[in-house]
Amino acid sequence: MPERRTVALVTLGCARNEVDSEELAGRLAADGWQLVEDAADADVAVVNTCGFVEAAKKDSVDALLEANDLKDHGRTQAVVAVGCMAERYGKDLAEALPEADGVLGFDDYADISDRLQTILSGGIHASHTPRDRRKLLPLSPVERQGATDVALPGHGRAPQEPAPQESAPADLPEGVAPVSGPRAPLRRRLGSSPVASVKLASGCDRRCSFCAIPSFRGSFISRRPSDVLGETRWLAEQGVKEIMLVSENNTSYGKDLGDIRLLEALLPELAAVDGIERVRVSYLQPAEMRPGLIDVLTSTEKVAPYFDLSFQHSAPGVLRAMRRFGDTERFLELLETIRGKAPQAGVRSNFIVGFPGETEEDFAELERFLSGARLDAVGVFGYSDEEGTEAVTYEGKLPDDIIAERLEHLSRLAEELTAQRAEERLGETLRVLVESVEDPADADADAGEYAAVGRAAHQAPETDGQVLFTTGEGLAPGRMVEAKVIGTEGVDLVAERLGGEGLEEAGR
């Protein structure tokens, strides 16, 4: 019997890319490929690239070059680029980066196994010519659900339902979702974390002047609730305790299905899935927040009162130039409404400084907002031109040294304010999902090491702070426990577990 082909998936960028990688892994595993963690052990290294900003694109190129180096002294025979950067630049990337043996766009995902086999066999797959994917779907959102010929990464499902007298194949690769219905998920987990992301939708209909994402991710299209529920149930069977709902804009979920309030109805159903202990929603647009959604996010058991609000700025003039809405007072009122319903609610956001035309007064207004917002986590980025965006054409570009100065200043302020916000949580009782536990002999709190690490409802994975435990007694990855905050380290909270078994064992 011939040796199975091996493939490693290297994922860069956001949680949406992680979902896409697990869909590709599901397709490859179902077609007989063996997935390995280390690219050096793989026949083919597939790099899922990010194409959002220059720094992310550089990281993607570096990852491709690093994987290419393995061909000189490892098992690796081919390096293939997929993901946003590959989709955005297509044949241009292939020509500029000959080290990549293949550059595959989203339309290639359904045939990923054949594409990799062709490349591995020495064949050439012609890279695509980039195009504006917004033009592939009808302008009217309610007409988009019938466009089944458009590739939507992360929406993958098994192709058909087996006949009633048939059962799922007994030899299906471990960790691949079986075909249990016409919309069963096609996904293979690439890790053992108790947290997993689930795509609500793909694409974006907003036209922010600084963002190129809609041009290569396409217009907004929702997944059907049955698909989201089915994938969540499968993830729960895999041991997942927390799901994070992701898309380019979750507040738009359902508008193309005829119900803009569909998320409010879906969240309680997801929270009721057996085995799921927490449901988290990310990527919320402040201008689209509605009272009913705030109510569900702040009052539904097992739904985290967590608000990942994309403010970007607070000075009205800058926001209008960004093609966005709002101002300092409106944003503060929104936060007051949220905390009036859930005082412990977590809020994070990102901000761009140095946008074309940003005055000193605009920057001071952003400082004023940040000082009053009491955010739990803050990301600050300096403006840079992104090709294909409206902002590239704007006048009033700020010098690089001014942008760097404002970036450093606001980053320092954000660090101070988020640390203060963490201190406000001293004495709070939190529901913490344990993610890792160290060997007791290896943990040394005095040296900045802790016995266990977890996250509370106000902390999303990767982007926010963590909860640190000085003792790992009674803790295990995937266990939900109650803990009291006894200290802080920047945005991180130091906590002690309260008595009793994990909350899931106690029926919470």
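Points worth noting:
- Two-site label geometry, Glu438 and Ala40: point separation in nm, points 7 Å out along Cα→Cβ: 2.6 nm
- About the centre of its Cα atoms, the chain shows a dipole size close to 1900 debye [charges on the beta carbon of Lys, Arg (+1) and Asp, Glu (-1) only; nearest 20 debye].
- Shown for the chain: cysteine residues without a partner Cβ closer than 4.7 Å, namely Cys14, Cys50, Cys84, Cys204.
- Surface composition of the stretch 174-311: carbon plus sulfur atoms contribute 49% of the solvent-accessible area (1.4 Å probe, protein chains only, all chains present).
- Put simply, when 246-253, 406-413, 189-196, 117-124 are sorted by average Cβ atoms within 10 angstrom per residue, most first, you get 246-253, 189-196, 406-413, 117-124.
- Near the amide H of Glu489, within less than 5 Å, lie the amide hydrogens of Val494, all on another chain or at least 5 residues away, with H placed in the peptide plane.
- Stretchable slack from Arg224 to Ser384, in nm (0.36 nm times residue separation minus alpha-carbon distance): 54.0 nm
- Accessible area of the chain divided out per residue, in Å², using a probe of 1.4 angstrom: 43 Å²
- Contour minus Cα-Cα distance for Glu462 and Arg4 (0.36 nm per residue): 161.5 nm
- Quick note on the chain: its Rg to Rh ratio, both from C-alpha atoms and Rh being the Kirkwood radius, is 0.96.
- Counting Cα-Cα pairs of the stretch 57-100 in 10 Å increments starting at 0 gives whole-percent bin shares of 28, 56, 16, 0.
- Ranked packing of 265-273, 277-285, 461-469, most packed first, by mean Cβ within 10 Å: 277-285, 461-469, 265-273
- Across the accessible surface of the stretch 109-156, with the other protein chains kept in place and a 1.4 Å probe, carbon and sulfur atoms take up 51 percent.
- Listed cross-link partners Lys341/Lys484; Lys57/Lys484; Lys57/Lys302; Lys135/Lys255; Lys58/Lys199 are compared with a 29 Å cut-off, the Cα-Cα value being larger for Lys57/Lys484; Lys57/Lys302.
- Carbon plus sulfur fraction of accessible area for the stretch 383-491, probe 1.4 Å, in percent: 46 percent
- From the alpha carbon centroid of the stretch 324-384 to that of the stretch 417-434 is 20 Å.
- Label-point gap, in nm, between Ile124 and Glu367 - each point 7 angstrom along Cα→Cβ: 5.7 nm
- Per-pair calculated FRET efficiency, R0 = 41 Å: Arg374 and Asp259 via Cβ, rounded to 0.05: 0.80
- Note that the stretch 239-345 carries a Kirkwood radius of 14.7 Å, evaluated over its alpha carbons pair by pair.
- When peptides 377-387, 44-54 are ranked by their average number of other Cβ atoms within 10 Å per residue, the highest-first order is 44-54, 377-387.
- Extension reserve of the Glu496-Glu473 stretch, reckoned as 0.36 nm per residue once the Cα distance is removed: 7.3 nm
The values are calculated or read from the model by the stated rules, or taken from the named source; none is laboratory data. Just so it is clear, the model here is predicted, and its values are computed rather than measured. Virtual Cβ from ideal backbone geometry, glycine too; neighbours counted across all protein chains shown. These area figures cover heavy atoms from the full protein model, side chains too; ligands, DNA and RNA do not enter into them. Shrake-Rupley method; radii C 1.70, N 1.55, O 1.52, S 1.80 Å.
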